[in-house]
1. Which residue pairs have Cβ atoms closer than 8 Å, lie 6 or more positions apart in sequence or on different chains, and pair a first residue in segment 191-204 that is under 15 Å from residue 32 (Cα atoms) with a second residue that is part of a loop (DSSP other than H, G, I, E, B) and within 14 Å of ligand 2 (Cβ to nearest atom)?
2. Taking segment 45-67, which residues are over 20 Å from residue 238 (Cα atoms) and touching a residue at least 24 places away in the same chain (Cβ under 8 Å)?
3. Which of the strands (runs of 3 or more DSSP E) contained wholly in segment 64-110 include at least 1 residues that are within 23 Å of residue 31 (Cβ to Cβ) and touching a Gly at 6+ places or on another chain (Cβ under 8 Å)?
4. Give the number of residues within segment 73-116 that are within 16 Å of ligand 1 (Cβ to nearest atom), in contact (Cβ under 8 Å) with a residue 12 or more places away in the chain and within 19 Å of residue 32 (Cα to Cα).
5. Condition check: at pLDDT 90 or above, more than 16 Å from ligand 3 (Cβ to nearest atom) and not in a loop (DSSP other than H, G, I, E, B). Does residue 192 satisfy that?
6. Is one or more of the residues making up segment 117-129 touching a residue at least 60 places away in the same chain (Cβ under 8 Å) and under 30 Å from residue 87 (Cβ atoms)?
7. Could you check, for segment 120-128, whether at least one of its residues is of a type in the set (A, V, I, L, M), part of a strand (DSSP E or B) and surrounded by 19 or more Cβ atoms within 10 Å (Cβ to Cβ)?
8. In segment 135-181, how many are in a strand (DSSP E or B), farther than 21 Å from residue 118 by Cβ and hydroxyl-bearing (Ser, Thr, Tyr)?
Amino acid sequence: MMFKKIMLVALLAVVTASAKKPCCGPKQFMAGNGGTVGQVDPDSGPQGFFTYQYGAFDYTNRMFGYNMSVTYPNGTQTNIKLIQKYGQGYQYIILEEFQYCQKQPVTKPEPINCIPANATWTSSLFIGGSKGLYADSWTYNFVYPKDPIEGVIVIQVFESNCYPFGTAFIGDRFQGQTRVPMTSSGGLLNMTIGIPDPDAWFTVPSFCPTEMNTFKTREERSAPNLPNLDFFHLPQFY
Ligand SMILES: *[C@@H]1O[C@H](CO)[C@@H](O)[C@H](O)[C@H]1NC(C)=O
Ligand SMILES: *[C@@H]1O[C@H](CO)[C@@H](O)[C@H](O)[C@H]1NC(C)=O
Ligand SMILES: *[C@@H]1O[C@H](CO)[C@@H](O)[C@H](O)[C@H]1NC(C)=O
Ligand SMILES: *[C@@H]1O[C@H](CO)[C@@H](O)[C@H](O)[C@H]1NC(C)=O
C-alpha cells in the first residue's frame, strides 16, 4: 500500500517535471508568413489557395500591417495591403494600384502573442536534425459562439525563445450564420524583432474612406479580382 503510494507520488513528480508551461513570444516583429488555405466557399464551392504575408506584427498596439498575396492554383494572383487595428475594431483592405480602399470590421479572433493557458503540449521535436533547433508543439480549441471560429489549432514554437514558426487550423469560420469549413496552415520566416518603420505599415492612405462600409454581399465587398477575404485570422500564430 505504502509502496504503491510512493510509486504514485514519484509518477506524479515525473509528470509535473515534464509538463511544459505555455510561453509568450515577442510583442513586435517583422516577418513573412507563407500559408495555404482550403475552404468550402458558400459561393464558389471547394477551393484552395496560397497566401504570403510580409509586414509588421504589433501585439502591444494591437495592430497588424502587411502586404499580402493570394495565389490560386491556376496562377491568378492578387496583391493587397492590409491594416488591421484591433483597438479600434476595423481594418483596411487596400489595392494601391487601383487607389482602392475598404474600411470594414476587423476579422476576429484577435491574434495574441502567447500560447493560451488552456493549450495542451503535445510533443517536443528537433527541426533540422539532432543539432538543429528544439521546438514544442501545442494545441487548443476554439469554440463557437464564444469564439468567432470553431476548431482545433496546432502551434509550433522554438523552445528557447517561444518564437512561432508553424501553425495549422482545421475547423469552421462563420459567414453570417453560415458555417464555412476550412483548413489553413502557415509558416513564419525571416522574423526580426522590432518594427523599424511603423509608418510604412500602419499609416492609412488618404484615399481610404472614413466610414465603415456596409456591404452585405460578397460581390459588394469585392474589388476587381479581390478574393473573399473573410478567412483573415491568418496572423494567428499562437
Ligand atoms: C483562377 O481561379 C480563380 C479562383 O477559382 C478564379 O476566380 C479565376 O477566374 C481563375 N482565373 C483563370 C484565368 O482561370
Ligand atoms: C508592399 O506593397 C506596396 C504596394 O502596395 C509596395 O509599394 C511595397 O514595396 C511593398 N512592400 C514590400 C516590403 O514588399
Ligand atoms: C482557449 O483559449 C483561447 C484563447 O484565450 C480561447 O479563445 C478558447 O475559447 C479557449 N478554448 C476553450 C475550449 O475554452
Ligand atoms: C529572407 O531573408 C533572406 C536574407 O535576408 C533573403 O535573402 C530572402 O529573400 C528572404 N526571404 C523572403 C521570402 O523574404
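The values are calculated or read from the model by the stated rules, or taken from the named source; none is laboratory data. The shown structure was predicted, so the numbers you read here are calculated from the model rather than taken from an experiment. Note that each Cβ is placed from the backbone with ideal geometry, even for glycine, and that neighbours are counted across all protein chains shown.
1. Cβ pairs passing all conditions: 201/195.
2. 47, 48, 49
3. Per the criteria, 77-85.
4. Looking only at that region, the number is 3.
5. When the stated conditions are applied, residue 192 passes them.
6. yes
7. Step one: list which residues in segment 120-128 are of a type in the set (A, V, I, L, M), which gives 125, 127.
Still in the running and part of a strand (DSSP E or B): 125, 127.
Among the residues that remain, those that are also surrounded by 19 or more Cβ atoms within 10 Å (Cβ to Cβ) are: none.
Scanning segment 120-128 turns up no residue that is of a type in the set (A, V, I, L, M), part of a strand (DSSP E or B) and surrounded by 19 or more Cβ atoms within 10 Å (Cβ to Cβ).
8. The qualifying residues number 1.
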